[in-house]
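Report on one structure; see the data block that follows.
We did not get these values from a lab; they are worked out from the coordinates using the rules stated. Every value quoted in this text rests on a predicted model; they were computed, and no experiment measured them. Virtual Cβ from ideal backbone geometry, glycine too; neighbours counted across all protein chains shown.
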Amino acid sequence: MRLFILKLSILIALPFSLFNPSIDTQEFQGKAYYFSKSRMDLGTWGSRMSEAQKKQIQSRLKGRLEKTYILSFNKEESLFKEEEKVDAISGATDSWGSNFARGEQYKNINTTSLVQTQEFYGKRFLVKDELQKIEWKMDSESKQIGQYICFKATATVPSEELNWFNFSWNDLAEENAEGENAEIKMTEIEAWYTLQIPLKHGPAEYWGLPGLILEVSAGNTTILCSEIVINPKEKINIEAPDKGKEINKVDYRATVQGKMLEMRNNRGRRRG
């Protein structure tokens, strides 16, 4: 997979329901709605396909490549979760993809703590860890997103820190080939945040800027905010998940990779 970037003209044309462009942070809560788009790189396999075949695969994988999320937040806490989609034809969800999807994610910016639920082949995990520290570089470049003036910030972080819940056969093959001498892969991040909502929250693993992050591009995905609602009539309760086997990010990733390697080896023995 590689980075998918929407043109700015498309972004600005998006319908926004943005209220209270400037807010008082003394007492408030809100919700930000995001959608993400990714593009799958079919590599050498894709080079042997016709354009029609590529489009067919993209259509089949649309549920994995296009997602919608809700970020609920107050001054200190946020809860980021995906809106689950059901296949309109079969009525089923993507069970394979769900094994490597981001689970419900709680962040506390005061204690810099992360609590995230992950399900892997029917087993529930409760991942507790520190928030990934991001050394942002502030930029004077700005643009308007909806009713909000946003400023650019960039950073570079280890790729594994952004995708610790995911699994790639390529990553496993590279780790086995390179061993202890494996080079740490880095991912460049570009974020756009607004000082009109002066909070350090953001979608997914992103946080720590002096304003709410409305757009972020990193690795294979671009996440865009489509709607913000401040102080809705119905009170928002933000609580950290508390069910599942407690584990940290490193151990969770090792558990998933170990299980997938075991499954591959078992499949190879059956074929032999």
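Approximating the spin labels as points 7 Å out from Cα along Cα→Cβ, the LYS185-to-PHE167 distance works out to 1.6 nm. Neighbours of LYS152, meaning other residues whose beta-carbon lies under 10 angstrom from its beta-carbon, give a summed charge of -2 when Lys and Arg score +1 and Asp and Glu score -1. Using a simple spin-label model with pseudo-atoms 7 Å out from Cα toward Cβ, LYS245 and LYS31 lie 3.4 nm apart.
Applying a 10 Å radius around every beta-carbon, put 193-206, 71-84 in order of their mean neighbour count, most first.
Numbers: 193-206: 22.7, 71-84: 18.6.
Ranking the peptides 193-206, 71-84 by packing returns 193-206, 71-84.
Across segment 252-266, computed HN-Hα scalar couplings (Karplus, 6.51 cos²θ - 1.76 cosθ + 1.60, θ = phi - 60°) run 5, 4, 5, 5, 5, 5, x, 5, 5, 5, 4, 5, 5, 5, 5 Hz from first to last residue, x flagging Gly and Pro.
Each residue of segment 205-215 was assigned a 3J(HN,Hα) from its phi angle through the Karplus expression (A = 6.51, B = -1.76, C = 1.60, θ = phi - 60°), giving 7, 8, 5, x, 8, x, x, 4, 7, 9, 8 Hz with x at Gly and Pro.
Each Lys or Arg adds one and each Asp or Glu takes one away; over the other residues whose Cβ falls under 12 Å from the Cβ of GLU104, this sums to -1.
Report the full-extension gain for the segment GLU130 to GLU84: residue separation times 0.36 nm, less the Cα-Cα distance, to one decimal in nm. All intermediate terms of the calculation are to be shown ahead of the outcome.
Values: separation 46, 0.36 × 46 = 16.56 nm, distance 2.64 nm.
Working it through step by step, the gained length comes to 13.9 nm.
In this structure, the pairs whose alpha-carbon distance is over 32 Å, taken from LYS137/LYS245; LYS31/LYS152; LYS137/LYS243; LYS143/LYS243; LYS123/LYS152, are LYS137/LYS245; LYS137/LYS243; LYS143/LYS243; LYS123/LYS152.
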